[in-house]
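Q: Before I ask anything, here is the structure I am working with.
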Amino acid sequence: MLMTASQRIKHIIKSKNLTVEAFAEQTGTTRGALNQMFKNDSNPKLPLLEACLNLFPELNPRWLITGKGNAWETEQTTDYEALQKRMVEMEDLMNNVVLKMEEQVAASFIDIKERIEKLENSK
């Protein structure tokens, strides 16, 4: 079974022997926001994912976003073309995350609109 996104963030913190407070400071978020995410097992926001990838270059972006693959890449790529390819892959993954988030928001709006219409029709 794959870890949830918030569980993957916990894994990063534990793997790097950080406190939640230290991780929050390094990633530009707050301890409270992280604890709320962990408590609700909610998905991390895009700025947190980006901060993780910037802070830990050895972190596998595919694992961070999907839970698939290994958390940490063992080989450090020095080849420019390989780095460029990895950046494109990361951008694609981030774009997919944004699209999924947009779809979820759109679905929520449709649901809310339908509920409002039902309420109005029941008057």
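The numbers here are math on the coordinates, done by the rules we state, and not lab data. Computed from a predicted structure; not experimentally measured. Glycine also receives a Cβ, built like all others from the backbone with ideal geometry; neighbour counts cover every protein chain displayed.
Q: To the nearest 10 degrees, how steep is helix 46-55 against the longest Cα principal axis of the chain, on a 0 to 90 scale?
A: Rounded to the nearest ten degrees, it is 10.
Q: Between Asn70 and Glu91, what is the spin-label point distance in nm, taking each point 7 Å from the Cα along the Cα→C-beta axis?
A: Those two pseudo-labels are separated by 2.7 nm.
Q: On to the next question. Work out the charge dipole of the chain with +1 on the Cβ of Lys and Arg and -1 on the Cβ of Asp and Glu about the Cα centre, then indicate which of Gln7, Leu55, Gly28 is farthest towards its positive end.
A: Gln7
Q: Right, next: Highest mean first, how do 99-105, 60-66, 27-33 rank when packing is the count of other Cβ atoms within 10 Å averaged over residues?
A: By packing density, highest mean first, the sequence is 60-66, 27-33, 99-105.
Q: Something else about it: Determine by what factor the alpha-carbon radius of gyration of the chain differs from 2.2 N^0.38 Å, reporting the quotient.
A: The value comes to 1.31.
Q: Any chance you could run the full-extension gain for Gln84 through Lys113? It's 0.36 nm times the residue separation minus the Cα-Cα distance, nm to one decimal.
A: 6.1 nm
Q: Are any of the pairs Lys68/Lys118; Lys68/Lys113; Lys39/Lys100; Lys45/Lys68; Lys14/Lys100 more than 30 Å apart by Cα-Cα distance, and if so, which?
A: Lys68/Lys118; Lys68/Lys113
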